[in-house]
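Student: This is the structure I have questions about; it appears just below.
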């Protein structure tokens, strides 16, 4: 197996930043964000979201900005909540988890991020990311997360298994903020949306990744028919493709 080089990853990183910049201004306006620490988001993106793929133009970590801005606004609007409960599906290398952990830490807030993935975080299956390039070997999600160890230990709880099975019996307190990026199947997203929403109160947030995928759009649209959420579709240009994210807010 041939692993990428550090230079390859840095070139992909620059492509990702360029793709992000196309619509970043619009995303900032939507969330009424005037300035932020872009260097930190870039650092997290380089380590955890940039990876080698067949279509090298299709590199982006814009959803990290969307999550970051949305959570900032939520925390500002809910200063009375002492412990923020965050729910995520689709841990992967931990990019979105670390974005949320960084946001909590930067805003000096307490909380927990329960993140779910069917793959174990210690499985050495990653071969196309920066960590694999630096080590020239397969690495695990935990290996990739080493630069952010303090944030991981402070905020993130890893859950391994199929949410289609786990969520049917798992109890939870109010979920204030959720990012759903699981197995990209209609039935899975439908279950996750219903699981999260039954605990949420006015102003709580759900973000659905990859809304442009037919099955996910169908599940989201059907869920929204209940009229319990206001919502917007945010878009990002990634190479020749347009990625869409559904941003839902409980009424």
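The numbers here are math on the coordinates, done by the rules we state, and not lab data. Owing to the predicted nature of the structure, the values given are computational and were not obtained by experimental measurement. Backbone-built Cβ (ideal geometry, glycine too); neighbour counts: all protein chains shown.
Student: What's the center-to-center distance, using Cα atoms, between the range 42-63 and the range 186-245 in Å?
Tutor: Computed from Cα coordinates, the inter-centre distance equals 22 Å.
Student: Moving to a separate point now. Rounded to the nearest 0.05, what FRET efficiency do residue 240 and residue 149 have when you use their Cβ-Cβ distance and R0 = 30 Å? Numbers along the way, then the final one.
Tutor: On the way: r = 37 Å, r/R0 = 1.23.
The computed FRET efficiency comes out at 0.20.
Student: I'd like to know how the range 108-222 sits against the 2.2 N^0.38 Å rule of thumb: what's its Cα Rg over that expected value? Mind showing how you got there, number by number?
Tutor: Values: Rg = 16.0 Å, N = 115, 2.2 N^0.38 = 13.4 Å.
After normalising by residue count via 2.2 N^0.38 Å, the value is 1.20.
Student: Take every DSSP beta bridge with both residues inside the chain and express the antiparallel ones as a percent of the total, to the nearest 5.
Tutor: On the way: 16 of 36 bridges.
Percent antiparallel among DSSP bridges in the chain is about 45.
Student: Using Cα springs under 10 Å in a Gaussian network model of the chain, which residue among 220, 91, 202 shows the largest mean-square fluctuation?
Tutor: 202
Student: Separate question: On a 0 to 90 degree scale, rounded to 10, what angle separates helix 62-77 from the longest Cα axis of the chain?
Tutor: Result, in degrees: 40.
Student: Right, another one. How tilted is helix 38-48 with respect to the longest principal axis of the chain? Cα atoms for both, answer in degrees (0 to 90, nearest 10).
Tutor: 70 degrees
Student: May I pose another question? In degrees from 0 to 90, rounded to the nearest 10, what is the angle of the helix 214-224 Cα long axis to the longest principal axis of the chain?
Tutor: The helix 214-224 is inclined about 30 degrees to the chain.
Student: What ratio of Cα Rg to 2.2 N^0.38 Å holds for the range 127-175? Show your work: numbers first, answer last.
Tutor: Working: Rg = 15.1 Å, N = 49, 2.2 N^0.38 = 9.7 Å.
Compactness ratio reported: 1.57.
Student: Follow-up question, since we're still on this one. Quickly work out the residue 212-to-residue 21 label distance, labels modelled 7 Å from Cα along the C-beta direction, and quote it in nm with one decimal.
Tutor: 2.1 nm
Student: Relative to 2.2 N^0.38 Å, what does the C-alpha radius of gyration of the range 162-214 come to as a ratio? Two decimals please. Working shown, then result.
Tutor: On the way: Rg = 11.1 Å, N = 53, 2.2 N^0.38 = 9.9 Å.
That works out to 1.12 for the range 162-214.
Student: Can you tell me which of 27, 166, 205 moves the most in a GNM of the chain? Springs connect C-alpha atoms under 10 Å apart.
Tutor: Of 27, 166, 205, the most mobile in the Gaussian network model is 166.
Student: Then there is this: Compute the length gained on full extension between residue 118 and residue 202: take 0.36 nm times their separation in residues and subtract their Cα-Cα distance, giving the result in nm to one decimal. Working shown, then result.
Tutor: Details: separation 84, 0.36 × 84 = 30.24 nm, distance 3.07 nm.
Working it through step by step, the gained length comes to 27.2 nm.
Student: With the chain treated as a Gaussian network of Cα nodes joined by springs under 10 Å, which of 55, 117, 105 yields the largest mean-square fluctuation?
Tutor: Result for the chain, Cα springs under 10 Å: 55 fluctuates most.
Student: Using every Cα-Cα pair within the range 5-150, state what percent have a distance larger than 20 Å.
Tutor: On the way: 5264 of 10585 pairs.
Result: 50 percent of Cα pairs exceed 20 Å.
Student: Just round it to a whole percent: the fraction of Cα-Cα distances in the range 6-250 exceeding 23 Å. Kindly include the intermediate steps, with their values, before the conclusion.
Tutor: Numbers: 14338 of 29890 pairs.
Summing the P(r) tail past 23 Å for the range 6-250 gives 48 percent.
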